Amino acid sequence: MGRPRQFDEEAAVESAMRVFWRKGYGATTPQDLVDELGIGKGSLYNAFGSKRALFERSLRRYGETQAARLPDILEGPGPVKDRVRAALELLLETDLADPGRQGCFAVNTATELASSDAEARDEVRRMFARTEGAFLAALEEGQRAGEIDAARDVRALASLLLNTVVGMRVLAKTADGRAQLERVVDAILGALKG
């Protein structure tokens, strides 16, 4: 009979997520995970099966927690343009407040693995689709309320907003201050006026 686990598996996934987010999948070693999680290699493999399996759980955790924040704001109350601004400013504030400028785990994963890893690409694609869908729903609501011109192609605007989010997350990694990112937010909101 095996010994019972001496660690919180969900907390371990959260810790592993931070390592993969910071270092990327390829640069993260099993030893990095063992050191971060504070467990032995045997426990790591017994609990999660492989580095890859732990990475997949970490990426899903990110989608359930971090990536869900933007749709939550977009689905909230208030004028649509205010919600879009609040969502984009949340990203700006989050990224600039991070001293390590890690960016977005989903965007980082897309740039590292999308061309070679179908499972990772599909998981990131689901996160991006959720974000774009939240933008689309908000914009459609804005059209119904008269905030956004009914002649505008809100599907195209939602795709533009997703592209803006991805670009902002990359740009924030190298931005020298907030002015450039604030200009992006102002410009994209200007594009909604149509």
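Residues checked against (1) in the same structural domain as Leu70 (by TED's automatic domain parsing); (2) within 19 Å of the chain's Cα centre (by Cα); (3) in contact (Cβ under 8 Å) with a residue 12 or more places away in the chain; (4) loosely packed, with under 11 Cβ neighbours inside 10 Å:
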site: Ala145; (1), (2), (3), (4): yes, no, yes, yes
site: Arg155; (1), (2), (3), (4): yes, no, yes, no
site: Leu160; (1), (2), (3), (4): yes, yes, yes, no
site: Ala172; (1), (2), (3), (4): yes, yes, yes, no
site: Ala175; (1), (2), (3), (4): yes, yes, yes, no
Exercise. Restricting the range 30-60 to residues that are closer than 18 Å to Ala120 by Cβ and of a type in the set (Ser, Thr, Tyr), which is modelled with the lowest pLDDT?
Worked result: Ser50
Exercise. Among Leu59, Leu96, Leu88, which is the only one that is surrounded by fewer than 16 Cβ atoms within 10 Å (Cβ to Cβ), part of a helix (DSSP H, G or I), out of contact with any Leu (no Cβ under 7 Å at 6 or more places or on another chain) and of a type in the set (A, V, I, L, M)?
Worked result: Leu96
For this session: Check off (1) of a type in the set (A, V, I, L, M, F, W, C); (2) in contact with a helix residue (DSSP H, G or I) (Cβ under 8 Å, 6 or more places away or on another chain); (3) surrounded by fewer than 18 Cβ atoms within 10 Å (Cβ to Cβ) for Ala11 and give me the number that stays unchecked.
Result: (2)
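Kindly indicate whether Glu123 is of a type in the set (D, E, K, R), under 13 Å from the mean Cα position of the chain (by Cα), surrounded by 15 or more Cβ atoms within 10 Å (Cβ to Cβ) and not in a loop (DSSP other than H, G, I, E, B).
Numbers: of a type in the set (D, E, K, R): yes; under 13 Å from the mean Cα position of the chain (by Cα): yes; surrounded by 15 or more Cβ atoms within 10 Å (Cβ to Cβ): yes; not in a loop (DSSP other than H, G, I, E, B): yes.
Yes; evaluated as a whole, the condition is true for this residue.
Only residues that are in a helix (DSSP H, G or I), over 16 Å from Ala110 (Cα atoms) and either within 16 Å of the chain's Cα centre (by Cα) or among the β-branched types (Val, Ile, Thr) (or both): list them for the range 17-55, please.
Keep residues of the range 17-55 that are in a helix (DSSP H, G or I), which gives 17-23, 30-37, 41-48, 51-55.
Now restrict to residues that are over 16 Å from Ala110 (Cα atoms): 18-19, 30-37, 41-48, 51, 53-54.
Arg18, Val19, Val34 - these are the residues of the range 17-55 that are in a helix (DSSP H, G or I), over 16 Å from Ala110 (Cα atoms) and either within 16 Å of the chain's Cα centre (by Cα) or among the β-branched types (Val, Ile, Thr) (or both).
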Exercise. Name the pairs whose Cβ atoms lie under 7 Å apart, with the first residue in the range 50-79 and more than 17 Å from Glu112 (Cβ to Cβ), the second hydroxyl-bearing (Ser, Thr, Tyr), and 6 or more positions between them or separate chains?
Worked result: Leu70/Thr131; Pro71/Thr131
Problem set entry | Close pairs (9 angstrom Cβ cut-off, 6 or more residues apart or separate chains): not assigned by TED's automatic domain parsing to the domain that holds Asn108 in the range 20-39, of a type in the set (A, V, I, L, M, F, W, C) and surrounded by fewer than 16 Cβ atoms within 10 Å (Cβ to Cβ) anywhere | Leu37/Phe7; Leu37/Ala11; Gly38/Phe7; Ile39/Phe7
Seminar exercise, completed: Only one of Leu90, Leu139, Leu96 is touching a residue at least 12 places away in the same chain (Cβ under 8 Å) and in contact with a helix residue (DSSP H, G or I) (Cβ under 6 Å, 6 or more places away or on another chain), namely Leu139
Exercise. For the range 169-183, does any single residue satisfy the condition of being at pLDDT below 95, part of a helix (DSSP H, G or I) and among the acidic types (Asp, Glu)?
Worked result: no
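The values are calculated or read from the model by the stated rules, or taken from the named source; none is laboratory data. Treat the numbers as computed from the prediction; the structure is a model and nothing was measured. When we count neighbours, we look across all protein chains shown, and the Cβ atoms used for this are built from the backbone with ideal geometry, even at glycine.
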